[in-house]
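What follows is one structure encoded as structure tokens, with my remarks underneath.
The values are calculated or read from the model by the stated rules, or taken from the named source; none is laboratory data. Every value quoted in this text rests on a predicted model; they were computed, and no experiment measured them. Positions of Cβ are backbone-derived with ideal geometry, glycine not excepted, and every protein chain shown enters the neighbour counts. Protein only, heavy atoms only, side chains kept; ligands, DNA and RNA dropped before computing areas. Shrake-Rupley method; radii C 1.70, N 1.55, O 1.52, S 1.80 Å.
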Amino acid sequence: WETTAASDSTVFYRRSGGDWTEVTDAGTREIHEIRLGGFLPQETVEYYVRSRLGAKEVTSAVSSFQTNPDASIDFNFVIWGDSHVNPPVFSALVSSMVTLSPELGMSCGDVVNTGSNYDEWGVGFLTPLKPLARSVPFYIAIGNHEGNSHWFYDYFAQPGNEHWFSFDYAGCHFVIIDSNFPFGPGSEQYDWIVSDIFSDAAKSSKWLFTFHHHPAYS
């Protein structure tokens, strides 16, 4: 989460039937990130965040999230791309996605027009996405309009190096490729892709999905 002034970071979370637990980072910053762990599969967790600076305090509303299942079960996820900066249209699309109650969200990139423009990230992407993002984990296959900007890495906490990576969910294997970086034979990314899609996790998955910004064929 983000605050307008550098302040501390606290997450309060409550497991089903449990008491509120508090995790605090006393360091001050404007973009806040706290990692939580130790949950059970498919566990629903309530949470809210708080930041303080002296006598000033801001607290979010209570939301919830569900942890990953440990078995191959049916689930649904939403995919969108090239949302750029069009808050009215993107807000309407997010509202439609929320009605589907997805377990995951996936963007295929170009979430802003100019990645180096700080103002576009909040107004154009994060604020319209809030109804989905407060409860549904989402991932981004970085696009060319992000410009590999530091804001992309500041705002998101994706696996691995954050612009090419993989993860497993409910017996499925998701592979995210950065089509802005070299991915042909001999490149670092190519070697990673080959090792990943022929890994045990990928070969044993029910479905193998790959995501990238640029189309494979045009």
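Return the inverse of the average 1/r over all pairs of distinct C-alpha atoms in the range 81-194, which is the Kirkwood hydrodynamic radius, in Å to one decimal. Don't skip to the answer; put the middle values down first.
Details: mean 1/r = 0.0673 Å⁻¹.
Taking the inverse mean of 1/r over all distinct Cα pairs, the range 81-194 comes out at 14.9 Å.
If you add up the charges near residue 71, with Lys and Arg at +1 and Asp and Glu at -1, over every other residue whose beta carbon is less than 15 angstrom from its beta carbon, what do you get? Don't skip to the end; give the middle numbers.
Numbers: positive: 206; negative: 43, 70, 74, 103, 168.
With Lys, Arg at +1 and Asp, Glu at -1, the net is -4.
Would you mind checking the radius of gyration and Dmax of the range 1-107 based on alpha-carbon positions, in Å?
Rg then Dmax for the range 1-107, in Å: 16.7, 48.
As a test of reading the structure, rank 169, 13, 118 by solvent-accessible area (1.4 Å probe, protein chains only), most first. All intermediate terms of the calculation are to be shown ahead of the outcome.
Details: 169 10, 13 35, 118 95 Å².
Descending accessible area places them as 118, 13, 169.
The range 183-200 to the range 86-102: how many Å between their Cα centroids?
34
Which value, in Å² and to the nearest 10, is the accessible area of residue 15 when all protein chains are kept and the probe is 1.4 Å?
90
³J(HN,Hα) across the range 205-218 via Karplus (A = 6.51, B = -1.76, C = 1.60, θ = phi - 60°), whole Hz, x for Gly/Pro?
6, 5, 9, 10, 10, 10, 10, 7, 6, 7, x, 5, 9, 9
How many angstrom separate the Cα center of the range 129-160 from the Cα center of the range 1-28?
Between the Cα centre of the range 129-160 and that of the range 1-28, the gap is 21 Å.
Run through every distinct alpha carbon pair of the range 46-108 and return the Kirkwood hydrodynamic radius in angstroms, one decimal place. Show your work: numbers first, answer last.
On the way: mean 1/r = 0.0672 Å⁻¹.
Final number for the Kirkwood radius of the range 46-108 is 14.9 Å.
What is the spin-label model distance, in nm, from residue 76 to residue 214 if the labels are put 7 Å beyond Cα along the C-beta direction?
3.4
Of the beta bridges DSSP finds with both residues in the chain, what % are antiparallel, to the nearest 5? Write down the numbers at each step before the final one.
Values: 26 of 38 bridges.
Looking only at bridges with both residues in the chain, the antiparallel portion is about 70 percent.
Can you tell which of 94, 111, 194 shows the greatest fluctuation in a Gaussian network model of the chain with Cα springs below 10 Å?
Highest fluctuation of the listed residues: 194.
Let me see the pair-distance distribution of the range 135-180: every alpha carbon pair, 10 Å bin width, integer percents in order.
24, 56, 18, 1
Using a 1.4 angstrom probe on the protein heavy atoms only, line up 166, 149 by accessible area, largest first.
Numbers: 166 30, 149 10 Å².
The ordering from most to least exposed comes out as 166, 149.
By how many degrees, between 0 and 90 and to the nearest 10, does the Cα long axis of helix 188-197 differ from the longest principal axis of the chain?
Taking Cα atoms only, the helix is inclined about 90 degrees.
Helix 87-99 versus the longest principal axis of the chain: what angle, 0 to 90°, nearest 10, using Cα atoms?
90
In a shell of Cβ-Cβ distance under 10 Å around residue 170, excluding residue 170 itself, what net charge do Lys and Arg (+1) and Asp and Glu (-1) give? Could the numbers behind the result be given before it?
Values: positive: 206; negative: 70, 74, 103, 168.
Summing Lys/Arg as +1 and Asp/Glu as -1 gives -3.
When the Cα atoms of the chain are enclosed in a convex hull and the volume is divided per residue, what value in Å³ results?
Working: hull volume 32.0 nm³, N = 218.
Roughly 147 Å³ of hull volume per residue.
So, with a 1.4 angstrom probe, what is the percent of accessible area on the chain that is carbon and sulfur?
Numbers: 6310 of 11760 Å².
Answer for the chain is 54 percent, counting heavy atoms of protein chains only.
Heavy atoms of the protein only, probe of 1.4 Å, neighbouring chains included. What is the accessible area of residue 154 in Å², nearest 10?
60
Would you mind estimating how fast the range 76-146 diffuses translationally, via Stokes-Einstein at 20 °C and 1.002 mPa s with the Kirkwood radius over Cα pairs, in µm²/s?
Values: Rh = 11.9 Å.
This corresponds to a translational diffusion coefficient of 180 µm²/s.
Nearest 500 deg cm²/dmol is fine: what mean residue ellipticity at 222 nm does the chain get from its DSSP H runs of n ≥ 4 alone, each adding -39,500 (n - 2.57), divided by its residue count? Don't skip to the end; give the middle numbers.
Numbers: 5 runs with 40 residues, N = 218.
The helix contribution divided over the chain gives -5000 deg cm²/dmol.
Could you compute the net charge surrounding residue 157? Neighbours are other residues with a C-beta less than 9 Å from the C-beta of residue 157; K and R count +1, D and E count -1.
Details: positive: 35; negative: 33, 162.
Spelling it out: positives minus negatives among the neighbours equals -1.
Using a 1.4 angstrom probe, figure out how much accessible area the chain has per residue, in square angstrom, rounded to the nearest whole.
Working: 11760 Å² over 218 residues.
Computed with neighbouring chains in place, this is 54 Å² per residue.
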